[in-house]
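Here's the structure, in structure tokens; my notes come after.
Quick note: the coordinates plus some simple rules give every number you see, no bench work behind them. None of the values given here were measured: they were computed from a predicted structure. Ideal geometry is used to build each Cβ from the backbone, glycine not excepted, and the neighbour counts take in all protein chains shown.
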Amino acid sequence: MNLAAAFSKPSIEYGLLSPMLIIFGVALVGVVVEAFVARRSRYLVQTVLALVGVVGALVATVIVASGLAPKGDTSGRGRIAVEGAVAVDGPTVFIWGTILVLSTISVLLFAERHLEGGVTAFAGQAAALPGTAAEREASTKGLEHTEVFPLMMFSIGGMLLFPAANDLITLFVALEILSLPLYLLCGLARRRRLLSQEAALKYFMLGAFSSGFFLYGIALTYGYAGSMNFSDIAEAVSGRIGGEALLLAGIGLLSVGLLFKVGAAPFHSWTPDVYQGAPTAVTAFMAACTKVAAFGALLRLFYVAFGAARWDWSLMIGIIAVLTMLVGCVLAITQSDIKRMLAYSSIAHAGFLLTGFVGLHTVASFDGNQISSIQAVLFYLVTYGFMTIGAFAVVTVVRDAGGEATHLSRWAGLGKESPVVAGVFAFFLLAMAGIPLTSGFTGKWAVFASAVSGGAWPLVVVAVILSAVAAFFYARVIVLMFFSDPVGEGPVVMVPSILTTIVIAVGFAATVILGVFPGPVLDLAATAGQFIR
């Protein structure tokens, strides 16, 4: 047999993959910078390189989106690239744009130095044990871990590949590319090093465990369908020639790996510990961008590969949605740490998103357009991302002698110390609660209406009730800030540099605009169309 004749050169559409290629290219250049650029210059070089890379990828995403289909044509909007391994369609580029915009302001949080006295919030020397002379020497010399920027770029690259993956192997590779850098980033806090390292270890161990479930699910699904490709799996599911147990077991195990990344119960146990222990800039980046990417992958897997089996998995997703909302809303009430409270809030929002996930029909938007359950979830992800990053950015400026003052008692009287900071944070909390004229209300309206139109009204009733419960712990923090007397010396608000100020301002502006004028983003979500095979 002539092997040369049997081998055909793979077809790779580099133009469609340009946003990912730019991000991975910048990540590799960042590694070279760490090897060859003088330590005193690395911070500036890495910051500029990361910003240029993310903005360049965003521009490439716009170009890719404009070339997917003729203007006004949303049928078959997209192309399958890289021998069927990657699908670049309307939802893909919408998710890419969302991730890259959120990543751009996350880079600014990573680059903040003013709050820590001229250095970033990341450990000066990660290899030094907490409390040792080596760590004190690194702090005295003002050493910085600028490796965080290429690590962030690698994670962003994985996030872009995750929702675009069109076969199970590519999906797993993307999952690991986005996860491994995050495990490292979570353990690099300059302050509270032991808590940070504990968070990183928990995240790594539980993440590896969930990846094992995911791999076993891949094996079972391949055994059922005889293929890793989503379109082939969909064809096998539509045919339904026996093997029901194998298919259902595969769906269940694959769900474990993806639901772990979105922080859904009962796979949520890592979330509060990691959100609390990780550097707050990493927490903000992870809370917003990872959830967007993971829900994008979840949507593609279930709507494309397992779409014909939706009556088998919709009940499972509905039960998990109820459990997730219950855990997030109830346990958030008991928290005394602001970052842990926001972690349980993130879990609750995952439940609200899963509520819209089970919707199967179109819903009416505010301007009379029709959007599907997919677009409702996409819009919610945009609103959630901006208000979450903005809220965590505010957390970084409320401080005490030990660094960030995350205990709720330290936030008492913040409205008297700094009415602007307290007011902005209160607005983010109101948006998370879903108060009208905020983006949170618009996002919840979209996913709840989607679920109702899909026949899941009992799920929406539970979601509305638990939304009222969630409003309690948000209101508790607002009351604490404005109507309680300071404890001891009271909270101290550090004036951030222009970097963190931009993050807070962008998050605030987006939360206001998407609440009052949601039409343009809803139109973009509607224009994205459906997933292609």
Q) What value, in deg cm²/dmol to 500, does the helix sum -39500 (n - 2.57) over DSSP H runs of n ≥ 4 give at 222 nm once divided by the residues of the chain? A) -22000 deg cm²/dmol
Q) What spacing in nm lies between the two simple spin-label points modelled at VAL495 and VAL32, each 7 Å away from Cα in the Cβ direction? A) 4.1 nm
Q: With a Förster radius of 51 Å, plug the Cβ-Cβ distance of GLU13 and ASP485 into 1/(1 + (r/R0)^6) and report the FRET value to the nearest 0.05.
A: 0.25
Q | Karplus (6.51, -1.76, 1.60) ³J(HN,Hα), θ = phi - 60°, over the range 481-490, in Hz, Gly and Pro reported as x | A | 6, 9, 10, 10, 7, x, 9, x, 7, x
Q) Check SER484: other-chain or 5+ apart residues with amide H under 5 Å from its amide H, H built from backbone geometry? A) GLY413
Q. LEU180 to LEU21: extension gain in nm, 0.36 nm per residue of separation minus the Cα-Cα distance?
A. 55.4 nm
Q: Compute the longest continuous run of the chain that contains no exposed GluC sites (Glu not before Pro); treat a site as exposed when its DSSP state is not H, G, I, E or B and it has at most 16 other Cβ atoms within 10 Å.
A: 84-488
**Q.** Positive-end residue of LEU466, PRO491, MET481, charge dipole of the range 8-527 with Cβ unit charges
**A.** PRO491
Q: Arrange the following residues from fewest to most other Cβ atoms within 10 Å of their Cβ: HIS268, HIS407.
A: HIS407, HIS268
Q: Please get the size of the charge dipole for the chain, origin at its Cα centre, with Cβ charges of +1 on Lys and Arg and -1 on Asp and Glu, quoted in debye to the nearest 20.
A: 400 debye
(Q) Along each principal axis of its Cα atoms, how long is the range 437-533 end to end? Whole angstroms, biggest number first, please. (A) 58, 35, 26
Q) Tell me, what HN-Hα J-couplings in whole Hz come from the Karplus equation 6.51 cos²θ - 1.76 cosθ + 1.60 at θ = phi - 60° for each residue of the range 289-298, using x for Gly and Pro? A) 6, 5, 5, 4, 5, 5, 5, x, 5, 5
Q. Residues with amide H under 5 Å of ALA189's amide H, sequence separation 5 or more or different chain, H placed in the peptide plane at 1.01 Å from N; which?
A. ALA123
Q) Points 7 angstrom from Cα along the Cβ direction at LEU215 and ARG40: gap in nanometres? A) 4.7 nm
**Q.** Amide H contacts of ALA81 (H built 1.01 Å from N, under 5 Å, at least 5 apart or other chain)
**A.** VAL86, ALA87, VAL88
Q. Based on the Cβ-Cβ distance of ALA245 and ASP523, what FRET efficiency does E = 1/(1 + (r/R0)^6) give at R0 = 41 Å, to the nearest 0.05?
A. 0.40
Q: With a point put 7 Å past each Cα toward its Cβ, work out how far GLU83 is from ARG310 in nm, to one decimal.
A: 3.2 nm
Q. Mind checking the alpha-carbon convex hull of the range 208-260 and giving the volume per residue in Å³?
A. 64 Å³
Q) Could you give me the ³J(HN,Hα) list for the range 247-263, computed from phi with Karplus coefficients 6.51, -1.76, 1.60 and θ = phi - 60°, whole Hz, x at Gly and Pro? A) 5, 5, 5, x, 4, x, 6, 5, 4, 4, x, 7, 5, 4, 5, 7, x
Q. Averaged over all directions, how much area does the convex hull of the C-alpha atoms of the chain cover when projected, in nm²?
A. 25.6 nm²
(Q) As I understand it, the value is the acute angle between the Cα axis of helix 148-161 and the longest principal axis of the Cα atoms of the chain; what does it come to in degrees, rounded to 10? (A) 30 degrees
Q: Measure nothing fancy, just the Cα-based angle from helix 498-516's long axis to the longest principal axis of the chain, in degrees from 0 to 90, nearest 10.
A: 50 degrees
Q: Please report, to two decimal places, log10 I(q)/I(0) for the range 25-69 at q = 0.16, 0.24, 0.30 Å⁻¹ as given by the Debye formula with identical point scatterers on the Cα atoms and no solvent.
A: -0.50, -0.78, -1.00
